[in-house]
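Down below is the structure, laid out as structure tokens.
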Amino acid sequence: MGFTYADIELISADDLALNRRGFLPEDEIKRMRVTALVDSGAFMLVINEHIKQQLDLPVPEERMVQLAKESEVRAEIVGPVEIRFENRATTVRAVMLPGSVESLLGVIAVEDMDVVH
């Protein structure tokens with residue numbers, strides 16, 4: 001069985017809220033397109049430092065997270081971030097792992113957008 005990737009748009013949910021309230025123009029909303037591995041073994045959206053910085057995502061908490069090989073690391077939980085895929089959208093928090101790790105689209109976001117993979 002092969003890997004499934006999705007081209008998604010990630011948007012700062014804080015910026016969207018400021019825009020709705022008239023405090024931030026549409027063209028200043030921080031957003032980016034990424035290709036993410038759809039991973040049924042991941043619960044949350046996983047992003048890297050570059051994405052966190054580009055979207056200027058706040059860090060409301062840190063916690064221990066379990067990686068695929070059963071190891072645990074302390075990670076920043078960032079967000080909120082809106083995920084848009086085709087005609088679907090959801091808002092989630094994300095696990096930020098340092099370095100240039102591949103983005104993972106976890107089951108919480110996939111289920112919330114009612115996307116079958």
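Computed from the coordinates by the stated procedures, all read-outs in this text should not be read as laboratory data. Not measured: the values here are computed from a predicted model. In this analysis, Cβ positions are derived from the backbone assuming ideal geometry, glycine residues included, and neighbour counts consider all displayed protein chains.
So that you can scan it fast, the table gives a plain yes or no per residue for (1) surrounded by 17 or more Cβ atoms within 10 Å (Cβ to Cβ); (2) under 10 Å from the mean Cα position of the chain (by Cα):
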site: 20; (1), (2): no, no
site: 44; (1), (2): yes, yes
site: 76; (1), (2): yes, no
site: 82; (1), (2): yes, yes
site: 96; (1), (2): yes, yes
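For first residues located in the range 26-50 and in contact (Cβ under 8 Å) with a residue 40 or more places away in the chain, partners that are crowded, with 17+ Cβ neighbours inside 10 Å and of a type in the set (Ser, Thr, Tyr) and lie 6+ apart or on another chain with Cβ distances below 9 Å form the pairs 34/103; 35/103; 36/103; 37/103; 45/103; 46/103; 47/103; 48/103.
Residue 34 meets the conditions (1) over 11 Å from the mean Cα position of the chain (by Cα); (2) surrounded by 14 or more Cβ atoms within 10 Å (Cβ to Cβ); (3) assigned to a strand (DSSP E or B) in every case but one. The failed one is (1). Each residue in the range 3-18 was checked for being in a helix (DSSP H, G or I) and surrounded by 17 or more Cβ atoms within 10 Å (Cβ to Cβ), and 4 of them qualify.
On inspection, residue 92 qualifies as touching a residue at least 40 places away in the same chain (Cβ under 8 Å), in contact with a strand residue (DSSP E or B) (Cβ under 7 Å, 6 or more places away or on another chain), assigned to a strand (DSSP E or B) and closer than 11 Å to residue 10 by Cα.
Checking the condition part of a strand (DSSP E or B) and among the acidic types (Asp, Glu), which residue from 62, 70, 102 passes? Give the derivation first.
Values: 70 fails: part of a strand (DSSP E or B); 102 fails: part of a strand (DSSP E or B).
Unique residue meeting the criteria: 62.
Within the set 81, 110, the sole residue that is closer than 12 Å to residue 44 by Cβ, assigned to a helix (DSSP H, G or I) and in contact (Cβ under 8 Å) with a residue 60 or more places away in the chain turns out to be 110.
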